[in-house]
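Encoded as structure tokens, the structure appears first; notes follow it.
The values are calculated or read from the model by the stated rules, or taken from the named source; none is laboratory data. None of the values given here were measured: they were computed from a predicted structure. Please note: Cβ atoms are built from the backbone with ideal geometry, for glycine as well, and neighbour counts cover all protein chains shown. These area figures cover heavy atoms from the full protein model, side chains too; ligands, DNA and RNA do not enter into them. Shrake-Rupley method; radii C 1.70, N 1.55, O 1.52, S 1.80 Å.
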Amino acid sequence: MTIADQIEIVRQNIDQYTEEAGRPAGSVRLLAVSKTHPASAIQEAYESGITEFGESYLQEALTKIDACKNIPLIWHFIGPIQSNKTRAIAENFDWVQSVDREKVLRRLSEQRPGQLGPLRICIQANIFSEPQKKGANPQELPQLLDLAEELPNIELRGLMVLPPPVSEFDRQLEQFTKVTQIFNELKQKHSQMDRLSMGMSGDIKAAIFAGSDMVRVGTGIFGQRKPRKPDNQN
Ligand SMILES: *Cc1c(COP(=O)(O)O)cnc(C)c1O
């Protein structure tokens, strides 16, 4: 199947789940996660109308951003952030969904070139307190959101989550529903948050049923990823 065919299927699924969930048509955005796939795959997805792409590995992403600079794409950084990489992220991305600590947030704000406008941010939340996972835990979230709102070159837009992988629909739904509850509580103070980024190829239905505003789909669009060589190029 071509990338265009896969995108068509993912779109149909999103539309169907959105309708089944009783949510307004078009209320769930699709982020194409293009990590490990070449710029030619991004170009192909763009020709099917995809404009937002998610990347996790900085060096690889910069090469592709440069290769695609003549098409109007919106780039989201969704990978782990080392603090010495914040400048390149602030200078080259439109969104960062994986901000999980104060130091990174402050550096992104300081290093964002003014002419690009504020960097749109989702705070990565570790709601299920998995010690090995990235993300701010529920105790850390309020302070991080307050800071995101204060910093001059940051536009706080929402939360991103990567819950523990579970295969049963009911368990997925239970986890995502908990995230939505926490998101709604935090929104009482930070009402500008309009983006709850959750759901990947294997769990978009549960994510949409629970209230996701953006699903991040890699495998479902581009096919299986080859294992990456471990390196320090992130
Ligand atoms: C890789 C990745 C995805 C996409 O995962 P698939 O299962 O391939 O759809 C989504 N979100 C994040 C944060 C990722 O790192």
Amide hydrogen neighbours beyond the local backbone of Gly218, cut-off 5 Å, H modeled: Val33, Ser201
Going by the alpha-carbon gyration tensor, a ≥ b ≥ c the square roots of its eigenvalues, is region 36-193 rounded (a/c under 1.5) or, if a/c is not under 1.5, prolate (a/b greater than b/c) versus oblate? oblate
Over 27 Å (Cα to Cα) among Lys85/Lys205; Lys85/Lys134; Lys85/Lys178; Lys69/Lys187; Lys64/Lys187 -> Lys85/Lys205; Lys85/Lys178; Lys69/Lys187; Lys64/Lys187
Tell me the label-point distance for the pair Gln115, Ala67, using the 7 Å Cα-to-Cβ offset, in nm and rounded to one decimal. 2.7 nm
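Take the alpha carbon atoms of region 121-164, find their radius of gyration, then divide it by 2.2 N^0.38 Å using N residues; give the quotient. Walk me through the numbers before you get to the answer.
Values: Rg = 10.8 Å, N = 44, 2.2 N^0.38 = 9.3 Å.
With N residues counted in region 121-164, Rg over 2.2 N^0.38 Å equals 1.16.
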For the chain, dividing by residue count, accessible area per residue (probe 1.4 Å) in Å² works out to 49 Å²
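Set the Förster distance to 25 Å, then compute FRET efficiency between Asp94 and Leu147 from the Cβ-Cβ distance, nearest 0.05. Can you show the working numbers first?
Values: r = 20 Å, r/R0 = 0.82.
Using R0 = 25 Å, I get an efficiency of 0.75.
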Using θ = phi - 60° and the Karplus curve 6.51 cos²θ - 1.76 cosθ + 1.60, what whole-Hz ³J(HN,Hα) does each residue of region 86-95 get, with Gly and Pro shown as x? 5, 4, 5, 5, 4, 8, 10, 10, 8, 10
Short to long, in 5 Å steps from zero, the percent of alpha-carbon pairs of region 100-191 per bin is 3, 13, 23, 22, 17, 11, 7, 3, 1, 0
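Please give the calculated 222 nm ellipticity per residue for the chain, where each DSSP H segment of at least 4 residues contributes -39500 (n - 2.57) and the sum is spread over every residue; nearest 500 deg cm²/dmol? Let's see the in-between values first.
Working: 9 runs with 96 residues, N = 234.
Only helices count here, giving -12500 deg cm²/dmol.
When a/c reaches 1.5 or more, the comparison of a/b and b/c decides; with that in mind, is region 20-87 rounded, prolate or oblate per its Cα gyration tensor? It would help to have the intermediate numbers written out before the result.
Working: a/c = 2.56, a/b = 1.44, b/c = 1.78.
Oblate shape, in that a/c is at least 1.5 and b/c is the bigger or equal ratio.
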Estimated FRET transfer efficiency (Arg106, Gln181; beta-carbon r; R0 35 Å; 0.05): 0.75
Candidates Ala32, Ala125, Ala41, ranked by Gaussian network fluctuation over the chain, Cα under 10 Å, top entry: Ala41
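Calculate the dipole size of the chain relative to its Cα centre from +1 charges on Lys and Arg beta carbons and -1 charges on Asp and Glu beta carbons; express the result in debye to the nearest 20.
The calculation lands at about 620 debye.
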